[in-house]
Structures are given as structure tokens and as C-alpha cells.
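First up is the structure itself, then whatever we jot down about it.
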């Protein structure tokens, strides 16, 4: 029997737009975000998730119930182990799409803070690592095109087969800044 692999399961849709405020409330809590991130890899039991998160099974069970009621995870398999039945939970979509409303507005800040903490903990000789920033003065429509392309790349990155011993992170951000810009030149400018 194979584990439920959300990347390989044809019954799992690629995306699920979050439209119900209850879905936002369910997803945007630290432990639940960690649970859905772990379930991106494969289906897991409450015990497996509790061990991975170093949290009590009761706590993880509560969070799974909230996620299940919001339609973000579901039981994908049941296995009889002696007198007990083990439930394996999986995601209801590979990627959850959300708009920047309600509880979702703070997610980007938390993602960047988590990434900064991860980067600060990296050893100086880490081989596979880069962080960079660039600015471009472009129209909002062009920035939206770039955001779409980067999100596609992010989904492709997350869909990689589970291999190796190390988990890598990719952070994507496009945001407006208040950086100064040079004024437009006029014909009377001496330059």
C-alpha cells in the first residue's frame, strides 16, 4: 500500500480558491499552516504529524478537525492497526489560492519573517543558497504578470518529487516600495 502523495494523486485538484472566511481562519494559524505544509509531501496520521511538529496528539487532532471542517484536509485512507483505525489525512488541493483579505493580509509578513529566521540560522558555508533583491519601475499590470510567473515557478518548485535528505525553501515576493525615482527628463534639461 502506498502513501497518499498529493503531488501524484489525480483526484486532488491543482488549486483550491479560498472563498469562505472560515477557510482563512482555519488556515492562517501557525500550527495549521505547518500541518498543511507537511501534508503537501504525503498523507499522514495524527501521530506522525504530532511527532514531526513536536506537539501533543490532542493538539494536532484539534487542528486537523478545524482544517477538515473548513474543507482544507480530508481523510484519504484508513488502516486497521490491531483494534484501532489509523486515519491518514491529505490536502484537498495541491495549492490553496487566497486573496489579501482578512486574516491573509499578515501571511506575507510572517513568510518573510520565517525566511529571515531560516537564513540567519544557515551556516556560512551553505552551498545551495541565494538571496537577492532588485527594483524595477514598471506598471502595476506588468508587476502582476511577473507575480503570476513567479507563482507558477513556486508551484513547480513545490511539485518536485520527494528525494534527498534536505528540505529547501523558496521565497517569492513582489511588492511596491517608496524608493525615490529620478524625474522624467524634459527637452530643456542640459543632459
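The values are calculated or read from the model by the stated rules, or taken from the named source; none is laboratory data. Just so we're clear, the structure is a prediction, and the values are computed from it rather than from any experiment. Note that each Cβ is placed from the backbone with ideal geometry, even for glycine, and that neighbours are counted across all protein chains shown.
Taken over the stretch 55-95, the criterion of being in a loop (DSSP other than H, G, I, E, B) and either at negative phi or more than 20 Å from the chain's Cα centre (by Cα) (or both) is satisfied by 55, 56, 70, 72, 82, 83, 92, 93, 94. Residues of the stretch 144-152 include none that is at pLDDT below 85, surrounded by 11 or more Cβ atoms within 10 Å (Cβ to Cβ) and in contact with a helix residue (DSSP H, G or I) (Cβ under 7 Å, 6 or more places away or on another chain). Of all residues being at pLDDT below 90, surrounded by 18 or more Cβ atoms within 10 Å (Cβ to Cβ) and in contact with a strand residue (DSSP E or B) (Cβ under 7 Å, 6 or more places away or on another chain) in the stretch 8-42, which is nearest to residue 62 (Cα to Cα)? Just the residue, please. Step by step, filter the stretch 8-42, then rank; the result is 27.
Looking for something modelled with pLDDT under 95, out of contact with any strand residue (DSSP E or B) (no Cβ under 9 Å at 6 or more places or on another chain) and surrounded by 14 or more Cβ atoms within 10 Å (Cβ to Cβ) - is there at least one such residue anywhere in the stretch 81-93? No; the residues of the stretch 81-93 include none that is modelled with pLDDT under 95, out of contact with any strand residue (DSSP E or B) (no Cβ under 9 Å at 6 or more places or on another chain) and surrounded by 14 or more Cβ atoms within 10 Å (Cβ to Cβ).
Residues are listed down the side, and each one gets a yes or a no for (1) on the phi > 0 side of the Ramachandran plot; (2) assigned to a helix (DSSP H, G or I); (3) exposed (fewer than 11 other Cβ atoms within 10 Å of the Cβ):
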{"site": "132", "(1), (2), (3)": "no, no, yes"}
{"site": "141", "(1), (2), (3)": "no, yes, yes"}
{"site": "156", "(1), (2), (3)": "no, yes, yes"}
{"site": "161", "(1), (2), (3)": "no, no, yes"}
{"site": "165", "(1), (2), (3)": "no, no, yes"}
{"site": "173", "(1), (2), (3)": "no, no, no"}
{"site": "176", "(1), (2), (3)": "no, no, yes"}
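Scoring residue 113 on the criteria (1) without any contact (Cβ under 8 Å) to a residue 60 or more places away in the chain; (2) surrounded by 12 or more Cβ atoms within 10 Å (Cβ to Cβ); (3) part of a helix (DSSP H, G or I) leaves a single failure, condition (2). Could you list, ordered by first residue, the pairs with Cβ atoms under 7 Å in which the first is in the stretch 78-95 and within 14 Å of residue 61 (Cβ to Cβ) and the second is assigned to a loop (DSSP other than H, G, I, E, B) and modelled with pLDDT of 90 or more, at least 6 apart or interchain? Taking only residues 6 or more apart or on different chains, the pairs are 86/45; 87/45; 88/43; 88/45; 89/43.
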